[in-house]
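Below: the structure, in structure tokens.
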Amino acid sequence: MESRIKDLLLDDSVRRATIFSFLLGAVFTAYGFTSYDFLIRFDPNLNLWDNLWQRILFNSTPMLLIGGYLKLGTASNRIKMIIWMVGFCCVFHVGAWINVWPVILSGQPIVLAYVHAANVYLFAFCYVFVSPPGRYLWYFTMTLFLMFVGPLFIVAHIGNDPVLFKLTINDTLFTIISGVAGSHMIQSIRRQVAYFEIEKEATAKTFLGPILSQAIYKNRQELFASWRGDAFVATLDMRDSTEWQKRNPRAWLQFRQEYFKAVSEITTRYEGYIQKTVGDSHVIDFGIMEHAPDLSELPGIHAELNLAEKRRLERASANTFDALDDIFGEFHRLAEEHFEGCPIFLGAGVDLGVVERSVQGDLQGHAELDVNGVPVNCSNRLQEYGKHILSVLGRAGSLIVVSAKSLEYLPPDKQSAYLEFRTTANPVRNFSNLQVVHYRTVESAENHSAVIQLAG
Amino acid sequence: MGKALIILYTLLEVGLPMCAVGFAAVIIPKSSVWVNTLWILMPISYVVIFPFVCALLSQFHSRQVVPGKFPRDLNNPAYKARRLYGFCWTSLYYFTPIFYFVLQIDLFKASVLRLFGYKGSTSITLYPDSWIRDLPLLDIAEGVYFANKCTLGSNLVLGTGEILVDRIKIGKQSTIGHLAIVGLGTQIGEHCEIGIGVAVGLRCAIADRVRIAPTCAINHGASIGAGTQVGAMSYIGLRAQIGPGLEIPAGANIPTGASIKTVDDISKIISSETASLISERDRLSKGIFNHGAPPADASPIVPTDPDAPKYG
């Protein structure tokens, strides 16, 4: 947390130093014009061009180059900040030698009265605007003393005007001390802002989930990339939830909240992705968020790729059915805890097939990482079909309905827990091609455990 | 057209630095001091001008160096651009003494690499024999160390007459060991150590702080989680997934598509490998002792070479 805050503060300071460098680039050139009127009083031979080109070449250009480097350079922020601190002080030192310090050293110290105000303003502005964070503030102050303030005092002393010398020391020290204090205060405010920013990020992570958080905050943009392949899609829905909600809204709300939390935890544990929640329903995908780069361009590895794909689907299958077991178990436990003895049930449908993962929607407005494909609809229809199966069986209970294809990657002992149901008499809505579906009833927590034991 | 440009670029790369030096010889005063100075500065001028000429010529093509799969045909615009860019780069790369000087002076190195379209950090350690190319596709962070003779294979020529090109990303303070190879499309995290002679395949994902010991082979599309250590001479199969914080023992053989998330998974893989080796040994020995010869389907363990020395 602390290092993240420091990084943010430094990043912020470098960004402001960049803007400040560009501003100074313009200001130094402007000063070439504005300083000419008083400098000519001390050096009648000076012409405007002489004053201008030196400031452009030795002040404006380096400041613009520093600004450009801070903006485009790839070095770390630490290096950039050091470059800016040293660079700024160097440029300032060189600027003072352009028609100012030589005039003082030639016995006309009064010129200091003309330029001193500009120096003091610039120091103050620099501290307030850039306000280098933490120890960089001290480094900057020390560099400024070594490279500009110290030499300025020496030059002012050599100028041999005690009043101007004292004035320079007093004003400079007062400005720098105030600047350091002001910068310190600004940093503490920025620190709080950084803290809130990090807190906001952490809050956002809880809503985004582990996958989107990684994609956004860990810069894993490949997770947003479109991907097409086989995946398991499970749809879960609480039965008669509207009726239960009407009967006991507060208890239902609490139950629902705990159930959703459990689904979220279990899905994450089994590497699934909650694609959507609608009312009391979940659409959960398994096997779509893995690192599965496209290797199809490589010739000669098809057999190996097929084997890798088979193992991926076996893994996704195990994750899907284990997650469903856990979700049903947790659902029944919570139902028993909140509505003791009440017949509250859950339905699920599972299908396996080709889906496409991609960012959908308007990227300027609302976009989401979505999964589309036939299995999304089919799993939903299978979940609905569970009601028909229960009515045929003449019983109530929680039910998992799966397509025959979804069972292909499950070990035989686990497959045997699912019973066959012919759909010829009453086809699955929109999927009349499914001649057979498989189901498993999970009536209560006790029954659920029994089924799991049976499944192995 | 492409071949004509290559000839033209050759003339420019060789000729321009020579012309610059020759021009200086014509315009300088003919006093002995100036002539002697020119003689001293001549090789230095050539060393400085040559890389910049190559880099400036590559500017015409560096934007067309993009990921993808292209036929290796100069009539294909993308391949032609790659070919000309590659020509400019290799003109410098294979001119080892000059490339060596380029890499020794930070400002020189940064300027030349940037002109070749490189966008990563220039605070990296690179040797003249560390093979890199397709600089616009390399995303190398600060402090990365490339040992001698390592290879960043950002392109791959396929037997189909095509070339496959992709980006390579390496996080800060990572080390690519001596003779190590990193395939295209691979992403390596921060503070990673890719050991001596490790071959990392195409489009692998290696997270932060991963240490891969010498001579491992990481097959295409494999992913390794943060903080995992892979023992020496291990093999990670195609698209295998290794979770974070694990220690893969030396000589491990992680099969294609396997997912290793816990220490138990490692034990299972290792024990199943051992079991399969024991079963294979038993099968072979059973065949030999029962019938006097190994079974017909047994693969030869030792190649039969009549000239091989005989021991015992």
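The protection proxy used here, the mean number of other Cβ atoms lying within 10 Å of each residue, ranks peptides B:196-203, A:103-110 as follows, highest first: B:196-203, A:103-110.
Using every pair of separate Cα atoms, the Kirkwood estimate puts the hydrodynamic radius of region A:7-139 at 15.6 angstrom. Electrostatic tally near B:Ala4: other residues with Cβ closer than 14 Å to its Cβ, Lys and Arg +1, Asp and Glu -1, net +3.
Just to be sure I understand: with springs between alpha-carbon atoms less than 10 Å apart, which residue in B:Val33, B:Val157, B:Val66 has the highest mean-square fluctuation in the Gaussian network model of chain B? Greatest mean-square fluctuation among the candidates belongs to B:Val33. Could you tell me how many degrees, from 0 to 90 and to the nearest 10, lie between the Cα long axis of helix B:263-291 and the main elongation axis, the longest principal axis, of the Cα atoms of chain B? It is inclined by approximately 60 degrees. Each Lys and Arg Cβ is given +1 and each Asp and Glu Cβ -1; about its Cα centre, region B:63-120 then shows a dipole of about 260 debye. Against the main long axis of the alpha-carbon atoms of chain B, helix B:2-27 sits at an angle near 40°. Helix content alone sets the calculated 222 nm mean residue ellipticity of the protein assembly as shown: runs of n ≥ 4 DSSP H residues at -39500 (n - 2.57) each, divided across all residues, give -17500 deg cm²/dmol. Per residue, the convex hull spanned by the Cα atoms of the protein assembly as shown amounts to 278 cubic angstrom.
With a cut-off of at most 16 other beta carbons within 10 Å, and DSSP calling the residue loop, which GluC sites (Glu not before Pro) in region A:304-389 qualify? Please list them. Filter output for region A:304-389: A:Glu340. Where a ≥ b ≥ c are the square roots of the eigenvalues of the C-alpha gyration tensor, would you call chain A rounded, which needs a/c under 1.5, or, failing that, prolate if a/b is larger than b/c, or oblate? In terms of gyration-tensor shape, prolate. Averaged over the residues of peptide B:184-192, the number of Cβ atoms from other protein chains lying within 10 Å of each residue's Cβ is 1.
Where a ≥ b ≥ c are the square roots of the eigenvalues of the C-alpha gyration tensor, would you call region B:71-226 rounded, which needs a/c under 1.5, or, failing that, prolate if a/b is larger than b/c, or oblate? Verdict is oblate for region B:71-226.
Near B:Tyr85, once Lys and Arg are set to +1 and Asp and Glu to -1 for all other residues with Cβ below 13 Å from its Cβ, the sum equals +4. The H on the amide N of B:Ile140, modeled in the peptide plane, is under 5 Å from the matching H of B:Gly120, B:Ser121, B:Ile170, each at least 5 residues off or on a different chain. Using the Cβ-Cβ distance between B:Gln64 and A:Ala117 with R0 set to 35 Å, the FRET efficiency from 1/(1 + (r/R0)^6) comes to roughly 0.05. Here A:Leu72, A:Leu122, A:Leu390, A:Leu346 are placed in order of increasing Cβ neighbour count within 10 Å, fewest first, which gives A:Leu72, A:Leu122, A:Leu390, A:Leu346.
Can you tell me the dipole magnitude for chain B around its Cα centre, using point charges on the Cβ only (Lys, Arg +1; Asp, Glu -1), in Debye to the nearest 20? Please report the intermediate quantities before stating the final value.
On the way: 26 positive and 21 negative charges, 165 e Å.
With only Lys, Arg, Asp and Glu charged at Cβ, the dipole is about 800 debye.
Taken over region A:214-364, the percentage of Cα pairs per 5 Å bin, counting from 0 up to the bin with the maximum distance, is 2, 8, 16, 18, 16, 13, 10, 8, 5, 2, 1, 1, 0. Put simply, the amide H of B:Ile124, placed in the peptide plane, has neighbours under 5 Å in B:Gly143, leaving out anything fewer than 5 places away on its chain. For A:Leu346, nonlocal amide neighbours, meaning residues 5 or more places apart or on other chains whose placed amide H falls under 5 Å from its own, are A:Arg239, A:Ser398, A:Leu399.
Each Cα pair under 8 Å and six or more residues apart adds its sequence gap; the mean of these over the residue count of chain A is a relative contact order of 12 percent. Partner shielding of B:254-264 amounts to 4, given as the average count of beta-carbon atoms from other chains within 10 Å of each residue beta-carbon. In terms of packing, defined here as the mean over residues of other Cβ atoms within 10 angstrom, the peptides A:414-422, B:280-288, B:146-154 line up highest first as B:146-154, A:414-422, B:280-288.
Convex hull volume of the C-alpha atoms in region A:233-307, normalised per residue: 92 Å³.
In the frame of its principal axes, chain B has Cα extents of 95, 48, 44 Å, reported largest first. Once the Cα atoms are used to define both axes, helix A:111-130 deviates from the longest principal axis of chain A by about 10 degrees. A simple charge model with +1 on the Cβ of Lys and Arg, -1 on the Cβ of Asp and Glu and nothing else charged puts the dipole of region A:282-397 at about 440 debye relative to its Cα centre.
Checking every one of the chymotrypsin sites (Phe, Trp or Tyr not before Pro) in region B:61-113 against DSSP loop status and a limit of 13 other Cβ atoms within 10 Å picks out B:Tyr94.
Across peptide A:299-311, the average count of Cβ atoms from other chains found within 10 Å of a residue's Cβ is 5.
The numbers here are math on the coordinates, done by the rules we state, and not lab data. Computed from a prediction, not measured in an experiment: that's the story for all the values here. All Cβ positions, glycine included, derive from the backbone under ideal geometry; neighbour counts span all protein chains shown.
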